[in-house]
Amino acid sequence: YKYGVEVEGAYSKISQSYFREVDGLAVCIKSSGTGAEVDHNTFINNGRFRNSGIGQEINLSAIKGTFVDSCHIHHNTIDSVGYCGISMDGKWNIVERNIIQHAMLINSDGAALKSFGVGSQYNIFRNNFVSSSNGNTAGAPQGSPMSYFQTPGIYFD
């Protein structure tokens, strides 16, 4: 229930798979997963419970790269996910030709496509389609900036 797939080896490939109702991260590429390729997968209704999965801030995404380098994430379809559709942290990653709809159903501080931190450089996000991913402000304190924040399609945090 924490991961659909957890990748720790270099140059792994996850292709033509179907991820449905994974409680945490559907695909998690750990820091040793350099050169991973994730392509032609379908993600439906993942990360939909706030206190499930790995229980960290990065939880509930369809695809998460945790400071990995040289990964290629392409031609995936993501529909209904609690947090980010694709969150890639690291360097020289390419995220392209993905279709993401209904991301950010539980949280608001993120995006359908996201990259975080000074360790994330030289990443390319291109030719992706994002729709209906406004975020959920239900847990934000009333009157705080997060209580009215709508998530962007792409967020370089």
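The values are calculated or read from the model by the stated rules, or taken from the named source; none is laboratory data. Keep in mind that what you see is a predicted model, and the values were worked out from it rather than measured. Cβ coordinates were reconstructed from backbone atoms using ideal geometry, including for glycine residues, and neighbour counts include every protein chain displayed. When the accessible area is computed, the model is the full protein with side chains, heavy atoms only, and any ligands, DNA or RNA have been set aside. Shrake-Rupley method; radii C 1.70, N 1.55, O 1.52, S 1.80 Å.
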Exercise. Counting just the residues of the stretch 25-41 that are more than 13 Å from the chain's Cα centre (by Cα) and part of a strand (DSSP E or B), which one comes out farthest from residue 92 (Cα to Cα)?
Worked result: 39
Exercise. Is there a residue being open to solvent by less than 30 Å² (accessible area, probe 1.4 Å), of a type in the set (A, V, I, L, M) and over 23 Å from residue 1 (Cβ atoms) anywhere in the stretch 130-150?
Worked result: yes
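Taking the options 68, 22, name whichever one is surrounded by 21 or more Cβ atoms within 10 Å (Cβ to Cβ) and outside any strand (DSSP E or B). Lay out the reasoning, then the answer.
Numbers: 68 fails: outside any strand (DSSP E or B).
After applying the criteria, what remains is 22.
One line per residue, one yes/no per condition, for (1) over 22 Å from residue 54 (Cβ atoms); (2) modelled with pLDDT of 95 or more; (3) in contact with a helix residue (DSSP H, G or I) (Cβ under 8 Å, 6 or more places away or on another chain); (4) open to solvent by 20 Å² or more (accessible area, probe 1.4 Å):
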residue	(1), (2), (3), (4)
77	yes, yes, no, yes
128	yes, yes, no, yes
154	yes, no, no, yes
157	no, no, no, yes
Exercise. For the stretch 98-123, how many residues meet the condition of being open to solvent by 20 Å² or more (accessible area, probe 1.4 Å) and either in contact with a Cys (Cβ under 6 Å, 6 or more places away or on another chain) or over 27 Å from residue 136 (Cβ atoms) (or both)?
Worked result: 4
Exercise. Do you know which residues across the stretch 106-117 are modelled with pLDDT of 90 or more and part of a loop (DSSP other than H, G, I, E, B)?
Worked result: 111, 112, 116
Problem set entry | Qualifying position, being touching a Ser or Thr at 6+ places or on another chain (Cβ under 7 Å), crowded, with 24+ Cβ neighbours inside 10 Å and modelled with pLDDT of 95 or more, among 87, 61 | 87
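Among the residues of the stretch 90-113, which ones are within 16 Å of residue 47 (Cα to Cα) and either touching a His at 6+ places or on another chain (Cβ under 6 Å) or not polar (S, T, N, Q) (or both)?
Initial filter on the stretch 90-113 (within 16 Å of residue 47 (Cα to Cα)): 100-113.
Within the stretch 90-113, 100, 102, 103, 104, 105, 106, 109, 110, 111, 112, 113 qualify.
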Problem set entry | Pairs where the first residue, in the stretch 29-52, is under 16 Å from residue 6 (Cβ atoms) and the second is basic (Lys, Arg) and surrounded by 15 or more Cβ atoms within 10 Å (Cβ to Cβ), C-beta under 8 Å, 6+ apart | 29/64
